[in-house]
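Right, one structure below, let's go through it.
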Amino acid sequence: MAKVSYTCSKCGAAHTKWTGQCDSCQAWNTLADQGPLSAGPSKTLGGKRGRAITLTDLATIEKAPPRTKAGVAELDRVLGGGLVQASALLVGGDPGIGKSTLLLQAAARFARNGLKVIYISGEEATAQVRMRAQRLGLIDSPLMLAAETNLRDILTTLDEEKPDLVIIDSIQTMWADHIEAAPGSVSQVRSSAHELTSYAKRKGVSVIMVGHVTKDGQIAGPRIVEHMVDTVLYFEGERNHQFRLLRAVKNRFGPADEIGVFEMTSKGLVEVKNPSALFLSERGDPTPGSAVFAGIEGTRPVLCEFQALVAPSPHGQPRRSVVGWDGQRLAMILAVLEARCGIPFTGLDVYLNVAGGMRVTEPAADLAVAAALVSAREDAALPKDAVIFGEISLSGALRPVSQVENRLKEAQKLGFCQALAPASKKIEDIAGITVRPVKDLASFVEELFGSR
Ligand code: TYD
Ligand code: MG
């Protein structure tokens, strides 16, 4: 007898029995019937033979896919050097962060650069989009607009219009009429994204889909679309900061982890050419708890400031609060500082923040985090002209990191004179910046704050 399977619409886990709660992600009422599975190899696909497919080798030289540049360096770099023809992209982000603004500006640029671009808004009326375009000074761009949510009508129109680039804002508003579920539900989002992606591949058209990230499971987030598309970009930032980061988290046509930095102004998004200067712009006199990290984001170096505050805790369980860095990693560094350097944080609240709304994911920031924490705890400022980088292992040893030269050059460009980094053979001083190599975390702490 054929087995019936149920799939959780939230995490995708397969179940043989229906249950109210998914064993895997603990969500309620998310299991859906996937129909009978195939009943064994002899009856594969109902026993019918398919046609033979052509196999090929690896040696055939492929031409690089054609790309079009937007002419906005921050966007083109994140795309891996321009928009690839026939690619499907997803731009995710919190509601209100500026996705529509970014894509309207990008669409207008691509249209000016010769692409036939159609912008379909399922969220705003054409008048609203036009008003925004007016405010952004884009009305002279040959961009075509529509406000529509019916996917069938959209695909028919696209078949007739034959554009080069289509923007769908947003995938959560699309409605495929062969599915009964409401727009925004998992099945609607999944099948709309599938239709649009296969349209992109079939017709050689690039499709950019906007997806809102939502915290609760009610409305399907862009996660379920991520594996279908070629490129996933996230647009991030703090609402009350004007800086926005466009981050590539997946890119079949370029490096992942690349970031583009923008500033939200009254005239829309403006690219930030020198993010290091921007992230360090609010730094004043040396203060305890502040450490400058020389990081690498994708292919370029970016300097940013870690700020730590350590204070006696009034709570039984002290607080550990992190913005812009990984909380687990903070716990690890606190444990290593205690175990290997004898610097306990028991009974102390610890707050860690990356200035300017930046989010750092590199383990190379470990040493800068440790420096900020110890500096805050000892109430002693770090040298103002020093940058810090290095990965910390659980033993308290320091691991060398990649692209040291790029980090040092960027630090030198911004007026720093010294770098504290793990000792390694490859490390050399470059003009204007002295490297102070450190062996392990304990000697690093001793060098900066004296013996304890
Ligand atoms: P929007 O692009 O509508 O966000 P999303 O599509 O991600 O939901 O941007 C919304 C915010 O951006 C809104 O709060 C106003 C602000 N904004 C500016 O500050 N300047 C501008 O020129 C524009 C168009 C928007
Ligand atoms: Mg929007």
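The values are calculated or read from the model by the stated rules, or taken from the named source; none is laboratory data. Keep in mind it's a predicted model, so treat the numbers as computed, not measured. Counting neighbours? That spans all protein chains shown, and the Cβs are built from the backbone with ideal geometry, glycine included. Heavy atoms of the whole protein, side chains included, go into the accessibility calculation; ligands, DNA and RNA do not. Shrake-Rupley method; radii C 1.70, N 1.55, O 1.52, S 1.80 Å.
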- Message: Suppose we keep only residues that are more than 19 Å from the chain's Cα centre (by Cα) and either of a type outside the set (S, T, N, Q) or modelled with pLDDT under 85 (or both) within the range 252-269. Which one would you say is farthest from ligand 2 (Cβ to nearest atom)?
- Response: 267
- Message: What's the total number of residues in the range 89-110 that are under 15 Å from the mean Cα position of the chain (by Cα) and either without any contact (Cβ under 8 Å) to a residue 24 or more places away in the chain or more than 10 Å from ligand 1 (Cβ to nearest atom) (or both)?
- Response: 2
- Task: For residue 220, work out the one condition from (1) open to solvent by less than 30 Å² (accessible area, probe 1.4 Å); (2) modelled with pLDDT under 90; (3) under 15 Å from the mean Cα position of the chain (by Cα) it doesn't fulfil.
- Result: (3)
- Message: Given the condition in a loop (DSSP other than H, G, I, E, B) and over 25 Å from residue 353 (Cα atoms), answer yes or no: does some residue in the range 259-276 qualify?
- Response: yes
- Message: Suppose we filter the range 302-325 for residues that are over 15 Å from residue 361 (Cβ atoms) and at pLDDT 90 or above; how many remain?
- Response: 15
- Item | Matching residues in the range 225-242 - criterion: being at pLDDT 85 or above and more than 12 Å from ligand 1 (Cβ to nearest atom) | 225, 226, 227, 228, 229, 230, 231, 232, 233
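Which one of 86, 59, 39 is outside the structural domain of residue 187 (by TED's automatic domain parsing), away from ligand 2 (no atom under 16 Å from the Cβ), open to solvent by 20 Å² or more (accessible area, probe 1.4 Å) and modelled with pLDDT of 85 or more?
Testing whether each residue is outside the structural domain of residue 187 (by TED's automatic domain parsing), away from ligand 2 (no atom under 16 Å from the Cβ), open to solvent by 20 Å² or more (accessible area, probe 1.4 Å) and modelled with pLDDT of 85 or more leaves just 59.
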- Task: Could you please tell me which pairs satisfy a Cβ distance under 7 Å, a separation of 6+ or placement on different chains, a first residue in the range 260-279 that is of a type in the set (A, V, I, L, M) and within 8 Å of ligand 1 (Cβ to nearest atom), and a second residue that is in a loop (DSSP other than H, G, I, E, B) and open to solvent by less than 60 Å² (accessible area, probe 1.4 Å)?
- Result: 264/98; 269/98
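Just to be sure, is residue 124 acidic (Asp, Glu) and within 16 Å of ligand 1 (Cβ to nearest atom)?
yes
Yes/no matrix, rows are residues, columns are (1) outside any loop (DSSP other than H, G, I, E, B); (2) in the same structural domain as residue 233 (by TED's automatic domain parsing); (3) crowded, with 22+ Cβ neighbours inside 10 Å:
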position	(1), (2), (3)
96	no, yes, no
101	yes, yes, no
105	yes, yes, yes
108	yes, yes, yes
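Identify all residues within the range 337-379 that are closer than 16 Å to residue 448 by Cβ and open to solvent by less than 10 Å² (accessible area, probe 1.4 Å); write none if there are none. Before the answer, list the steps.
So in the range 337-379, the residues closer than 16 Å to residue 448 by Cβ come out as 337, 340-343, 366-379.
The answer is 337, 343, 366, 367, 368, 369, 370, 371, 372, 373, 374, 375.
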- Note down all Cβ pairs under 6 Å where the first residue falls in the range 122-141 and is without any contact (Cβ under 8 Å) to a residue 12 or more places away in the chain, the second is within 14 Å of ligand 2 (Cβ to nearest atom) and open to solvent by less than 50 Å² (accessible area, probe 1.4 Å), and they're at least six residues apart or on different chains. 139/133
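Does the range 191-201 include one or more residues that are under 25 Å from the mean Cα position of the chain (by Cα) and part of a loop (DSSP other than H, G, I, E, B)?
no
Any idea which residue in the range 277-298 is surrounded by the fewest Cβ atoms within 10 Å (Cβ to Cβ), counting only those that are of a type in the set (Ser, Thr, Tyr) and assigned to a loop (DSSP other than H, G, I, E, B)? Spell out the reasoning first.
Applying the first criterion (of a type in the set (Ser, Thr, Tyr)) to the range 277-298 yields 281, 287, 290.
Filter again for assigned to a loop (DSSP other than H, G, I, E, B), leaving 281, 287.
On the way: 281: 11, 287: 14.
Only one residue tops the list, namely 281.
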